[in-house]
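Just so it is clear, none of the values below were taken in a lab; they were calculated from the coordinates. Small disclaimer: the values here were computed from a predicted structure and weren't measured. A quick note on method: Cβ atoms are made from the backbone with ideal geometry, for glycine too, and the neighbour counts reach across all protein chains shown.
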Amino acid sequence: MMESEIANRLKLRYSPIAVLFANAKPAAALEFAAGRWGCVAALLTAAAKGRQAVFSRSSFGCLGGGVGLGFGNMYPQFPGGFEHFLSTGKEGYREGEAYKKTPELAKSFVESLPITDIPEQFVVFKPLSAVEPQREEPRVIVFYANPDQLSALVVLANYGRPGHTNVVIPFGAGCQSTCLLPWHEAGQEYPKAVVGMTDISARPVIDADLLAFSVPWVMYQEMENNVPGSFLDKPAWHKVAERIPEAK
């Protein structure tokens, strides 16, 4: 089983979440019914609270969720065009979300995404403490963090690296920011952490004071190894940590 020194030092409210790709479905995992709508972020929250969740190409919840989980480009299947739904809407179809000003800007956003079709059959969310390192390796680790904890994660992500842009806050769906985008970062020479869950549609399924901080597995290991001797041992952090309630 895996334990996180970062989670302990930051007194995280919930367990870090491991995102895994698999060809076998875990037993007793939460899963959306095939073809039924559901929010991927809701099951990410369930995993943070101790459950396991699984998704397949028939049980990804919504078309955006399928994209965010790495099951390929689902957007051409969207009734009325996803670029209209994300922006102004289209007569006869669902009301637009107005997250982009025009359909053209929405289309440009979709074209900028690193859409991926993973070879595995399933995406699995589980608490990091439930990962069995002898037989499985996470692809991404997701933290739910309040502003104080997020501040520490941003500093720690930059601690062992040059420069000041080792963390990004991209526009996108909650599931994109916690799976697709950090998994894309895993393939970069210098992967970055991704702050997410700024998706207004996903906000209702997570605590009001939390955001997500997602890192590729290799970056998580780097950050874990950098905890000893870092600012987390210093009085400045201890002063902040005093006002963070102990995790239950």
Among R135, R57, R94, the residue with the largest mean-square fluctuation in a Gaussian network model of the chain built from Cα contacts under 10 Å is R135
Taking alpha-carbon centroids only, region 38-66 lies from region 69-131 a number of Å equal to 15 Å
Expected max-MSF residue from A186, A41, A27 in the GNM of the chain (alpha carbon, under 10 Å) is A27
Once normalised by the length of the chain, the mean sequence separation of its alpha carbon contacts under 8 Å that are 6 or more apart gives a contact order in percent of 26 percent
Between the Cα axis of helix 147-159 and the main Cα principal axis of the chain, the angle (0 to 90°, nearest 10) is 80 degrees
Between R203 and T102, the two model label points (7 Å from Cα along the beta-carbon direction) sit apart by a distance in nm of 2.7 nm
Among [x] 0.94; [y] 1.01; [z] 1.06, the entry matching Cα Rg over 2.2 N^0.38 Å as calculated here is [y]
Rounded to the nearest 500, the 222 nm mean residue ellipticity computed for the chain from DSSP H runs (n ≥ 4, each -39500 (n - 2.57)) alone is -7500 deg cm²/dmol
Length gained if E136 through R243 is fully extended, taking 0.36 nm per residue and subtracting the Cα-Cα distance, is 34.9 nm
Per DSSP, the loop-located trypsin sites (Lys or Arg not before Pro) within region 189-244 having at most 10 other beta carbons within 10 Å are R243
Amide H contacts under 5 Å for L30, restricted to residues at least 5 apart in sequence or on another chain and with H modeled in the peptide plane, are Q52, A53, V54
Among beta bridges assigned by DSSP with both residues in the chain, the antiparallel ones amount in percent, to the nearest 5, to 90 percent
Those chymotrypsin sites (Phe, Trp or Tyr not before Pro) from region 1-76 that are DSSP loop and have at most 12 other Cβ neighbours within 10 Å turn out to be W37
Quick calc, V168 & K11: beta-carbon distance into FRET formula, R0 30 Å, rounding 0.05, result 0.75
Listed by chain and number, the residues whose amide H is under 5 Å from that of V140, excluding neighbours fewer than 5 places away on the same chain and using placed H, are V19, W217
If one compares the long axis through the Cα atoms of helix 103-112 with the longest principal axis of the Cα atoms of the chain, the angle in degrees, nearest 10, works out at 50 degrees
